[in-house]
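**Student:** Pasting a structure here, questions to come.
The values are calculated or read from the model by the stated rules, or taken from the named source; none is laboratory data. These numbers were taken from a predicted model, which means no experiment stands behind them. All Cβ positions, glycine included, derive from the backbone under ideal geometry; neighbour counts span all protein chains shown. Quick note on the areas: whole protein, heavy atoms, side chains included, nothing else; ligands and nucleic acids left out. Shrake-Rupley method; radii C 1.70, N 1.55, O 1.52, S 1.80 Å.
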Amino acid sequence: MGDIITLAQVAKESGVSISTVSRLLNPTHPGGKIGKRSAQRVRDAAMRLGYVPNYHAQVMKKGSSGVVGVVLDLAREVDTDPEATALGMPYFGTMVGAIERRTRELGVDMAIVATTDQARAVERGLLGVKQRKYDGLLVWTSSERDLQFLIDNPMPVPVVLLGLAPRGELPLVYWDEPAAVQMAVEHLSSLGHRELLWIGPDGPCERERLFMKAVWDGGLRGASCRYEKIDTECLGRIAELVEAAVHKHLAAQPRTFTGVVCYNDTVAAAACAACLDSGLKIPADLSVVGFDNVLAAVCYPHLTSVSQRLYELGRRATDLLIEMTQHENDWSKYRGLRETIAPRLVPRKSTGPIPSNSTSPSKG
């Protein structure tokens, strides 16, 4: 690493005063205009010498880091697969990628703040704010505990939540989960399917509850096939569990369902593999719908999927946060703000009309 080049050296090289160099190279420095010729000499000298502004000094002067913290409550890595991480999943990658691109377009940086063995992501986010690392926080979490922590510990910087169900007064940009599930069920119903199967993780699941409600409200029949829920981001392991559950379900009873709604695209892809392995044809015998639309286009067959529009969600949340940072400490008009990103159904080759030899069960 070479020696640090100072403003004084740039001033000497360009033949102007230190204050002139500072006014040109430090946007926060007050002062008058600089002539074009002098300005060009300073820029040329700075480039020749390799001058780089002192980031920490600028932060001290501006009182702003120019960095947004992206707080993600992610599952821990799995010992059996050290390469499996949540950010390696297209779901999170799509959303975080949108945030990174938008912050770059707006001239700020982003830093990911995740959970460690010592502290949860929201706790680390608060610590970073106190250390003046972040000008604001974008927070994705599904934890009620994390949400309560944010309510109990008001931040001295703007905070925008992503994807949570509305609660409290923090501004929120989220997807319309009921509308998304309704969209999947109505799509299959419009194709003539009257008996549907849900495939998702065991334990309480809001998406499954919404599926059952949509099925009942639509005069359809519904059943569930659940796989073991594990704390892992290893797609291969999740796929194994899904395939095992689907094989078990198909072997346990005669198949009467003709439409399937899956928890997400990963589950849908594994379900398709299990059904194809069992001799079923998609969509000739069975129609399958996924969720999130992040893997759907590369699955076989290409999956019909409900897009939560994660890219748009990430960009809009970023815009809102940056807008709030420009209002200093007056964020009252954002209190309780809710912005909903409408879902979109993306039809592909995994869904089609109900098979002609299928019956249409009545509601019951």
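**Student:** How far apart, in nanometres, would the label points at LEU276 and HIS302 be if each is projected 7 angstrom from Cα along the Cα-to-Cβ direction?
**Tutor:** Result for the modelled spin labels: 1.5 nm.
**Student:** Shifting gears a bit: After finding the eigenvalues of the alpha carbon gyration tensor for the range 224-325, what semi-axes result from the square roots of 5 times each, listed largest first in whole Å? Intermediate values should be presented prior to the final figure.
**Tutor:** Numbers: eigenvalues 201, 47, 24 Å².
Equivalent ellipsoid of the range 224-325: 32, 15, 11 Å, largest first.
**Student:** So, one more: List nothing, just return the count: lysine pairs in the chain, 8 or more apart or interchain, with Cα separation under 15 Å.
**Tutor:** Values: LYS61/LYS133; LYS62/LYS133; LYS213/LYS363; LYS281/LYS349.
Lysine pairs satisfying the spacing and distance rule in the chain number 4.
**Student:** Given the alpha-carbon gyration tensor of the chain, what are the semi-axes of its equivalent ellipsoid in whole angstrom, ordered largest first, with each equal to the square root of 5 times an eigenvalue? Kindly include the intermediate steps, with their values, before the conclusion.
**Tutor:** Numbers: eigenvalues 543, 88, 71 Å².
Each semi-axis is the square root of five times an eigenvalue, giving 52, 21, 19 Å.
**Student:** Another question, then. Using alpha carbons only, how many degrees (0 to 90, rounded to 10) separate the axis of helix 310-325 from the longest principal axis of the chain?
**Tutor:** 30 degrees
**Student:** One-quarter of the Cα convex hull surface for the range 85-164, in nm²?
**Tutor:** Working: hull surface 22.6 nm².
The directionally averaged projection comes out at 5.7 nm².
**Student:** Now for a separate question. Would you rank LEU137, LEU127 by solvent-accessible area, highest first, keeping every protein chain in place and using a 1.4 Å probe? Walk me through the numbers on the way to the answer.
**Tutor:** Details: LEU137 0, LEU127 95 Å².
The residues order as LEU127, LEU137, largest area first.
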